[in-house]
Amino acid sequence: MEKFYTLPTLPYDYKALEPYISETQLTLHHTKHHQGYVNGANGIFEKFDKARKEKTDFDVKATLKELSFHVGGYELHDLFWRNMAPAGKGGGGLPKGNLAKAIDEEFGGFDRFKKEFSAAASSVEGSGWGVLSYCPETKRPLIVQIEKHNANLYPGYPVLMVLDVWEHAYYLDYRNDRGKFVEAFWNIVNWNEVERRLAGVMR
């Protein structure tokens, strides 16, 4: 019965995203913050198991809210790691194929898309994420801000690309200059992974 979350292995080593994300910053983010969501979610599942086995009560509302916070953080970080890659080795450059076509059709070109996404990521409040999503109804890419991931595990649509803009994601490298971190992100976007996600939702 015991099935719990585990910390995913990064698809690159801790130095691989330098100079845009330092080894120290990435190590801390992955092994402390992402691990914190793993530990938090698992602790709640253990609480569920114990309460149900012993037939005791717990505060359902508070516990489920806490669980959504940890699961949301877990899932978004897992997506975040995979939509980055070392610069020049899968990261950076420009999107291609159907992704490039979708961006051109929706935004009128990559530069406009980059400008809008950067503005969204730079201005999001709270436990913030900038997100490129996809609207199945209109079949259009959509930029979304997630301000509280415990209330927005996903924005309701498939996620193509995410950028973590909590201070824990960049403070060691960029201090309080979120905009500089957002600009650096474009050098390590794994467009092949974003394209793969788009292909999965366009079927």
Any hit, region 133-142, residues being over 19 Å from the mean Cα position of the chain (by Cα), modelled with pLDDT of 95 or more, of a type outside the set (Gly, Ala, Ser) and part of a strand (DSSP E or B): yes
Test result for Trp129, aromatic (Phe, Trp, Tyr), touching a strand residue (DSSP E or B) at 6+ places or on another chain (Cβ under 9 Å) and closer than 17 Å to Arg82 by Cα: yes
Residues located in region 104-113, provided they are surrounded by 13 or more Cβ atoms within 10 Å (Cβ to Cβ) and under 13 Å from Trp186 (Cβ atoms): Phe110, Phe113
Pairs, first in contact (Cβ under 8 Å) with a residue 60 or more places away in the chain in region 47-58, second among the polar types (S, T, N, Q), C-beta under 6 Å, six or more apart: none
Contacts under 9 angstrom Cβ, first residue in region 4-28 being among the hydrophobic types (A, V, I, L, M, F, W, C) and modelled with pLDDT under 95, partner buried (at least 18 other Cβ atoms within 10 Å of the Cβ) and not in a loop (DSSP other than H, G, I, E, B), 6 or more apart: Phe4/Val38; Phe4/Ala41
Exclusive hit being in contact (Cβ under 8 Å) with a residue 60 or more places away in the chain and within 19 Å of Glu75 (Cα to Cα), set Val131, Val189: Val189
Of all residues making up region 1-60, the number that are assigned to a loop (DSSP other than H, G, I, E, B), among the basic types (Lys, Arg) and exposed (fewer than 11 other Cβ atoms within 10 Å of the Cβ): 2
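The values are calculated or read from the model by the stated rules, or taken from the named source; none is laboratory data. Keep in mind that what you see is a predicted model, and the values were worked out from it rather than measured. Don't worry about glycine lacking a Cβ; one is built from the backbone with ideal geometry, like all the others, and counts go over all protein chains shown.
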